[in-house]
Amino acid sequence: MGSKGSVLVAMSGGVDSSVAACLLHEQGYEVLGAHMNLVRLEGVEHGCCGPRARADAADVARIAGFPFEIVDLSAEFEWTVVADFFAEHEAGRTPNPCARCNGEVKFGAFLRRADEVEIDFVATGHYVRTTVEEHAVWHLLRGADRAKDQSYMLHMLGQRELARSLFPVGGMAKAQTRWHAERFGLAVASKPDSQDLCFAPHGDAGAFVRSSAPHLVREGEVVDVEGRVLTTHDGTFAFTIGQRRGLGISTGRRTYVLDIDSAANRVVVGPGDMLARGGLTADRVSWVAGQSPALAPFEADVRIRYRGDDVPAVVTAGGDGATVSVEFRVPQRGVAPGQSVVFYRGDDVLGGGRITAAVR
């Protein structure tokens, strides 16, 4: 074992995780690089999936001089992430598969793999930071590079996960990460970031649903707020609250998706000023500290989409701690059930959950 302990590094084949692994190796950790095989689909060759990504990750390990393995987590990915993706669409919600994957696979099944091979820590290339207080209370913080911060997608991490997780690039700007990649002589130094849906061939979520979940392909109506039929659709999965493009209608003014009624297989559209909502409810809530920061309603900044803005709000936790209600200080547009709501105090991530409903 190295002087600092052993670490299983999730290596996607991208520059961030590659640099994370090399930095830890350089710092004296005993590194085992691991590429997670998550999908079984033919035609997936982009981002973190496919033979090219695996080859890039293996090449980094070879250059740096640490061992490397392929970890098959495709079954866990199918049961949790893909199954949830279909279930959310069926319920008329907009799924957040990356958050689901982080909680169930990358910091769930992957941690169990670390236990199997008796490794101390896991590490990823996420842009987040951690600190620990004197009494071993861990905090999850935004990444130093606000443009790359990924704390929204890791809001479900708790004390057990944070105590065993390392995030070597979380305190860096992206330009520094690429500089380190060049310093280590990695071919992935200039590799572009992946923003595709990893399990959908060519990143086409709609085509993936049509081919893999044909029961979700059902003709329905697109109506205005008065109930007048404007056009038809072939499945509510193709829509999300706040969407403006791709509606297939022309009303002479900007028109947005206001509501998705999965039971009636109907999409309601209207003017943007009708999108504003005063709050939301959420379930599947987890708290970084293990419990809500307060029994009474408390002030926090909340984020309702990955690249959205922080919004001042009052948060009230349910009695079980797994549900919350949120009241925005200023009404917000585009509150999409199925997406995550994440709670912050400054750079400190308090926790987050799944939006279940927008509240007027």
Mind checking whether some residue in the range 130-149 is touching a residue at least 24 places away in the same chain (Cβ under 8 Å) and within 17 Å of M11 (Cα to Cα)? no
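What helices (runs of 4 or more DSSP H) completely inside the range 131-220 contain at least 2 residues that are out of contact with any Leu (no Cβ under 6 Å at 6 or more places or on another chain) and not assigned by TED's automatic domain parsing to the domain that holds D84?
Filter on the range 131-220 gives 205-212.
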All but one of (1) in a helix (DSSP H, G or I); (2) in contact with a Leu (Cβ under 8 Å, 6 or more places away or on another chain) hold for V7; which doesn't? (1)
Name every residue in the range 115-130 that is outside any strand (DSSP E or B) and surrounded by 16 or more Cβ atoms within 10 Å (Cβ to Cβ), in order of residue number. I119, D120, T124, G125, H126, Y127
Would the range 163-184 turn up any residue that is under 30 Å from D259 (Cβ atoms) and in contact with a helix residue (DSSP H, G or I) (Cβ under 9 Å, 6 or more places away or on another chain)? no
Can you name the condition, by its number, that T240 falls short on among (1) among the β-branched types (V, I, T); (2) buried (at least 17 other Cβ atoms within 10 Å of the Cβ); (3) over 19 Å from L275 (Cβ atoms)? (3)
Note: among V137, V128, V117, V209, just one is β-branched (V, I, T) and within 24 Å of V311 (Cβ to Cβ), namely V128
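Go through the range 265-280 and give me each residue that's charged (D, E, K, R), part of a strand (DSSP E or B) and over 25 Å from the mean Cα position of the chain (by Cα).
Step one: list which residues in the range 265-280 are charged (D, E, K, R), which gives 266, 273, 277.
Those left that are additionally part of a strand (DSSP E or B): 266, 277.
The one that is charged (D, E, K, R), part of a strand (DSSP E or B) and over 25 Å from the mean Cα position of the chain (by Cα): R266.
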Yes or no: G242 under 26 Å from the mean Cα position of the chain (by Cα), of a type in the set (G, A, S) and within 17 Å of V335 (Cβ to Cβ)? yes
Can you pull out the residues in the range 298-317 that are surrounded by fewer than 17 Cβ atoms within 10 Å (Cβ to Cβ), in contact (Cβ under 8 Å) with a residue 24 or more places away in the chain and not acidic (D, E)? Y306
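The values are calculated or read from the model by the stated rules, or taken from the named source; none is laboratory data. Just so we're clear, the structure is a prediction, and the values are computed from it rather than from any experiment. Please note: Cβ atoms are built from the backbone with ideal geometry, for glycine as well, and neighbour counts cover all protein chains shown.
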